[in-house]
There are 2 protein chains.
Amino acid sequence: MQIHTPDWVKHAVFYQIFPDRFSRSQQLKQKLLSAVAFEDWASTPTLYGYKGGDLWGVIERLDYLTELGITAIYFTPIFQSASNHRYHTHDYYKVDPLLGGNEAFAALLEAAHSRHIKVVLDGVFNHASRGFFFFHDILENGRLSPWLDWFKIDAWPLSPYNVEQPANYACWDNNRALPQFNHDNPVVREYIMEVAEYWIRAGIDGWRLDVPECVTAEGFWQEFRERVKAINPEAYIVGEIWTDASQWLDGTQFDGVMNYLFAAPTIAFAAGDRVQMEYVQDRSYKPYPALFAVEYAATIERLLSLYDWQLQLTQLNLLASHDTARLMTIAGGDRESVEIATLLLLTFPGAPSIYYGDEVGLPGGIDPDSRQGFPLETQWDRKLLAYHRELIALRHRYRALRTGSYKSLHASGQSYVFERRLDDETVLVAVNAGTEPARAVLDAPPGTPASVVFGPGTASCDGPQLQLELPPRSGTILAEPL
Amino acid sequence: MQIHTPDWVKHAVFYQIFPDRFSRSQQLKQKLLSAVAFEDWASTPTLYGYKGGDLWGVIERLDYLTELGITAIYFTPIFQSASNHRYHTHDYYKVDPLLGGNEAFAALLEAAHSRHIKVVLDGVFNHASRGFFFFHDILENGRLSPWLDWFKIDAWPLSPYNVEQPANYACWDNNRALPQFNHDNPVVREYIMEVAEYWIRAGIDGWRLDVPECVTAEGFWQEFRERVKAINPEAYIVGEIWTDASQWLDGTQFDGVMNYLFAAPTIAFAAGDRVQMEYVQDRSYKPYPALFAVEYAATIERLLSLYDWQLQLTQLNLLASHDTARLMTIAGGDRESVEIATLLLLTFPGAPSIYYGDEVGLPGGIDPDSRQGFPLETQWDRKLLAYHRELIALRHRYRALRTGSYKSLHASGQSYVFERRLDDETVLVAVNAGTEPARAVLDAPPGTPASVVFGPGTASCDGPQLQLELPPRSGTILAEPL
């Protein structure tokens, strides 16, 4: 089977937005939002509090994203939900009123598209909230509910709130706030498919799927893909899978996954033993122990062998998300770890995704701390922002960085060099994660670039060989200047 | 102040539909509704069960309503709600999925309007359901909810379902399923006003307001009227007020109320001591003790003196509703009580409203029994249906019956005669509620009609007097044949 994945994703740079925390609109657009009391924007986030970011506010920041080089946004959930992260869906057809509702989303979609920015939404289809209408009806009407078969009831009575009694229904992660759909009910399946179709028809460019491995109904994700792609063949479907995703990356389900299999070794290589264990222990990915270049190269090669190349090019690569601590904090505030990892992210096959605020050095431990309000301009790490901008621009400039082949050329100690090549365009990426200067000597067949287009390293040709001088804790990129 | 009320209401004959029980569509229009298990249509209704009536089904019955002479429908609530009566609003912007959703309602509205049938919806704005998003958010996030001030919290924690703990929030009728809005919050007020405007803009012809006396915020209903009428000056606003409604019928709030002040004496006069006390005791209206004609005349005259005439013409007159037992049952199955009361209803100033099924003799005690499935054709009381059709046609034929003045002419024993007069059109209505034949002799100035156009009575002129022979338990109407 010829696997087809959306071309635009291969060329995209994503920005992941946690809507409550990215941008609060300056102008009041809706009377409904006047006089709403929010937590202080700059205070430490709490589990239950809202800071009041909204989609009108995102529109106000689209210029910022454009300047950064962003071409796609992945929004964590925006549908009506009584939780600041909005993974507790109350209504799949409504954008949350705090975010500005469907009206604000329509405006955002138009504004983003007019800037050639794609928009991918988060679909939480394994479970709903206990306030979700069809579950709520069961709470209200018990056995007489017409929607009884939409969820998985074990016994009566149900106890949605009183934790002293068993919930008596299947719920995600044992959390009674999140009753799990009965995906074996064809009507439930149809309901979810129609939600997916509705928003694709409304113009979104793809779905990020929350905990899709929990939905095990036969053929579910295959049908999901078919129905979504029937409306928009170029829609992006990306699953939240933290492990080997071969089961879903067979060309009939997802176009990619959130690539924590990239994040973990990249952090372990770039930050090494700087990784603060308290932020990564007992999580679903393992950015430890520290990796040397040879181990990193092997891990990356193994990762690149897992899936078809067309799927590799549409992975959603990342270093952090709302589900992890931020790399700046994981690395104990070591900016160079962030820089090296970011360089690896932005030169890797697949779409890089920047978690909002990472580009300006926003710190954050495990959630809710990783979901802080986007900082005021006075608190930005401008050097880090410039670093991101420059690398993103470079990725946009060199097609090889996006769709070129990937080949390890050199791995020694903490130095690692690889090549991205497309037709006659070759880009070399060289990283020295160590604290001492390093030298790498490579074979340099004709076409090997010798010009440094990014970073502090230097290169000199020595007959058929290229000699790279790599200053400590840095990355260097060589290419033919364009 | 010149009081303006919607002209169409003065000429309307309403039909009250309880959507879960009126008509289930024959054709499956939405996959979502396949495989939904309903209670048997013909079985005794339960408090929590659904029978699956829907709006597609109502469309299929519009011809029936047209033949009956109906020109307006009052729907008890149709918005998304986890209760078969749907007074527990879960979403004010969504028509319940069981009813076919917004899609079915839009189709219904178009189909009804094309038959010149108006559509009035039930607005439940005093309270919402405990699953309503803004209340649900308080359940989920407690003091940190941004919507905290939308409801009236007395103490923490809240206990929405566990009846062993106090609910700790204000709710309607002490029912924790129904948290009461804080109408003093200007944002709540705005929210409700926007809901009202939204559906008026969508094309509905009016609002019936549930328990509006519970909403005591200053100027609330005045603003409601202003905003609704700004969009459609002919929209009908009718409140559920069971008592003297002078406070709301001042021309700045409602156009009318559900006229239980008409229902009660009319039943007490027509059914008399046949009234089964178990169905009327401890209710909000008093269709007892039995009334003689003199008492009935006095009560009706008092009622007609309560409000401005323009408001009298837009009252919603009724004999039964989802909140009462049906008259057929109240009267112990005595069909003549139903006929006499129906004749009084259909000749009274203000818009008559037939509670679905009453026209075919559907019985029913206090709810949920008064909310039975509309009977199969084989079970219709066809004579009663013909009686309704004929009287409704008569009302449409004689303008005086709709907007003419009302004047008692004769009250003696159980015989009662009154006149409706408009310009040179006069209609006499004569009722003998007694079990013996009765005679009424009236002054007959020029223009007094002497032709019987309905009923078993006879009339003869005797000089300046008109002598009416009124068979027992019947009503007779005299008019110039048109």
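The values are calculated or read from the model by the stated rules, or taken from the named source; none is laboratory data. Because the structure is a prediction, the values reported are computed rather than measured. A quick note on method: Cβ atoms are made from the backbone with ideal geometry, for glycine too, and the neighbour counts reach across all protein chains shown. Heavy atoms of the whole protein, side chains included, go into the accessibility calculation; ligands, DNA and RNA do not. Shrake-Rupley method; radii C 1.70, N 1.55, O 1.52, S 1.80 Å.
Kindly evaluate A:Gly131 against the criterion of being closer than 25 Å to B:Pro160 by Cα and part of a helix (DSSP H, G or I). The answer is no for A:Gly131.
If you check A:Val453, A:Val417, A:Val441, which single one turns out to be in contact with a helix residue (DSSP H, G or I) (Cβ under 7 Å, 6 or more places away or on another chain) and not assigned by TED's automatic domain parsing to the domain that holds A:Tyr64?
On inspection, the qualifying residue turns out to be A:Val453.
State yes or no: is B:Asp137 in a strand (DSSP E or B) and of a type in the set (D, E, K, R)?
no
The number of residues in segment A:282-302 being part of a helix (DSSP H, G or I), of a type outside the set (S, T, N, Q) and surrounded by fewer than 19 Cβ atoms within 10 Å (Cβ to Cβ) comes to 5. Annotation: of all residues in segment B:261-277 being part of a helix (DSSP H, G or I) and touching a residue at least 60 places away in the same chain (Cβ under 8 Å), the one that is most open to solvent (accessible area, probe 1.4 Å) is B:Arg274.
Filtering A:Asp91, A:Asp122 for residues that are within 14 Å of chain B (Cβ to nearest Cβ), in a strand (DSSP E or B), open to solvent by less than 20 Å² (accessible area, probe 1.4 Å) and not hydroxyl-bearing (Ser, Thr, Tyr) leaves a single hit, A:Asp91. In this entry, A:Arg143 passes the filter for residues that are touching a strand residue (DSSP E or B) at 6+ places or on another chain (Cβ under 9 Å), under 26 Å from A:Trp156 (Cβ atoms) and surrounded by fewer than 23 Cβ atoms within 10 Å (Cβ to Cβ).
Name the residue, out of B:Ile117, B:Ile138, that is within 14 Å of chain A (Cβ to nearest Cβ), at negative phi and among the β-branched types (Val, Ile, Thr).
Criteria check complete, one pass: B:Ile138.
Evaluate segment A:206-217: report whether one residue or more is open to solvent by 60 Å² or more (accessible area, probe 1.4 Å), more than 30 Å from B:Gly52 (Cα to Cα) and not in a helix (DSSP H, G or I). So far as segment A:206-217 goes, yes, one or more of its residues are open to solvent by 60 Å² or more (accessible area, probe 1.4 Å), more than 30 Å from B:Gly52 (Cα to Cα) and not in a helix (DSSP H, G or I). Residues in segment B:9-42 that are in a loop (DSSP other than H, G, I, E, B) and of a type in the set (Val, Ile, Thr): B:Val13, B:Val36.
For the structure I just gave you, tell me whether B:Phe132 is crowded, with 17+ Cβ neighbours inside 10 Å and touching a Phe, Trp or Tyr at 6+ places or on another chain (Cβ under 6 Å).
No.
Taken over segment B:347-382, residues that are under 28 Å from B:Ala479 (Cα atoms) and touching a residue at least 40 places away in the same chain (Cβ under 8 Å) amount to 11. Of the residues A:Ala167, A:Ala202, the single one that is away from chain B (no Cβ under 11 Å), farther than 27 Å from A:Ser321 by Cβ and aliphatic (A, V, I, L, M) is A:Ala167. Per the conditions (1) open to solvent by 30 Å² or more (accessible area, probe 1.4 Å); (2) touching a residue at least 40 places away in the same chain (Cβ under 8 Å); (3) part of a helix (DSSP H, G or I), the sole criterion not satisfied by A:Asp323 is (3). If the condition is being within 26 Å of B:Ile192 (Cβ to Cβ) and more than 14 Å from every other protein chain (Cβ to nearest Cβ), then segment A:4-34 contributes A:Ser25, A:Gln27. Within the bounds of segment A:164-187, is there any residue that is of a type outside the set (Gly, Ala, Ser), open to solvent by 30 Å² or more (accessible area, probe 1.4 Å), within 22 Å of A:Ile78 (Cα to Cα) and touching a Leu at 6+ places or on another chain (Cβ under 8 Å)? Checked against the condition, which is being of a type outside the set (Gly, Ala, Ser), open to solvent by 30 Å² or more (accessible area, probe 1.4 Å), within 22 Å of A:Ile78 (Cα to Cα) and touching a Leu at 6+ places or on another chain (Cβ under 8 Å), segment A:164-187 yields at least one hit.
Of all residues being in a strand (DSSP E or B) and not polar (S, T, N, Q) in segment B:424-434, which is farthest from B:Ala444 (Cα to Cα)? Just the residue, please.
The selected residue is B:Val431.
Taken over segment B:222-239, the residue count meeting the criterion of being away from chain A (no Cβ under 14 Å) and open to solvent by 10 Å² or more (accessible area, probe 1.4 Å) is 9. Checked against (1) of a type outside the set (Lys, Arg); (2) within 14 Å of chain B (Cβ to nearest Cβ); (3) in contact with a Leu (Cβ under 7 Å, 6 or more places away or on another chain), A:Met193 meets all criteria but (3). Only one entry of B:Tyr74, B:Tyr64, B:Tyr50 meets the criterion of being part of a helix (DSSP H, G or I), open to solvent by less than 40 Å² (accessible area, probe 1.4 Å), in the same structural domain as B:Ser353 (by TED's automatic domain parsing) and not aliphatic (A, V, I, L, M), and that entry is B:Tyr64.
Which fully enclosed strands (runs of 3 or more DSSP E) of segment B:332-423 have 1 or more residues being closer than 28 Å to B:Val441 by Cβ? Give the steps one after another, and end with the answer.
On the way: elements: B:351-355, B:405-412, B:415-422.
Of the strands (runs of 3 or more DSSP E) lying wholly inside segment B:332-423, those with at least 1 residues that are closer than 28 Å to B:Val441 by Cβ span B:405-412, B:415-422.
For B:Phe75, are the conditions met, namely being over 24 Å from B:Asp7 (Cα atoms) and either without any contact (Cβ under 8 Å) to a residue 40 or more places away in the chain or hydrophobic (A, V, I, L, M, F, W, C) (or both)? Answer is no for this residue.
Might you let me know whether segment A:377-384 holds any residue that is within 21 Å of the chain's Cα centre (by Cα) and of a type outside the set (Asp, Glu)? Looking for residues that are within 21 Å of the chain's Cα centre (by Cα) and of a type outside the set (Asp, Glu), one finds at least one in segment A:377-384, hence yes.
Beta carbons closer than 6 Å, at least 6 apart along the sequence or on distinct chains, pair a first residue in segment A:455-480 that is touching a residue at least 60 places away in the same chain (Cβ under 8 Å) with a second that is open to solvent by 30 Å² or more (accessible area, probe 1.4 Å) for A:Arg473/A:Glu336; A:Ser474/A:Gly455; A:Ser474/A:Pro456; A:Gly475/A:Gly455; A:Ile477/A:Val453; A:Ile477/A:Gly455; A:Ala479/A:Val453.
Here the condition is being surrounded by fewer than 21 Cβ atoms within 10 Å (Cβ to Cβ) and under 19 Å from A:Glu226 (Cα atoms); of A:Thr243, A:Thr252, it holds for A:Thr252 alone. Scanning segment B:434-482 for residues that are basic (Lys, Arg) and open to solvent by 60 Å² or more (accessible area, probe 1.4 Å) yields a count of 1.
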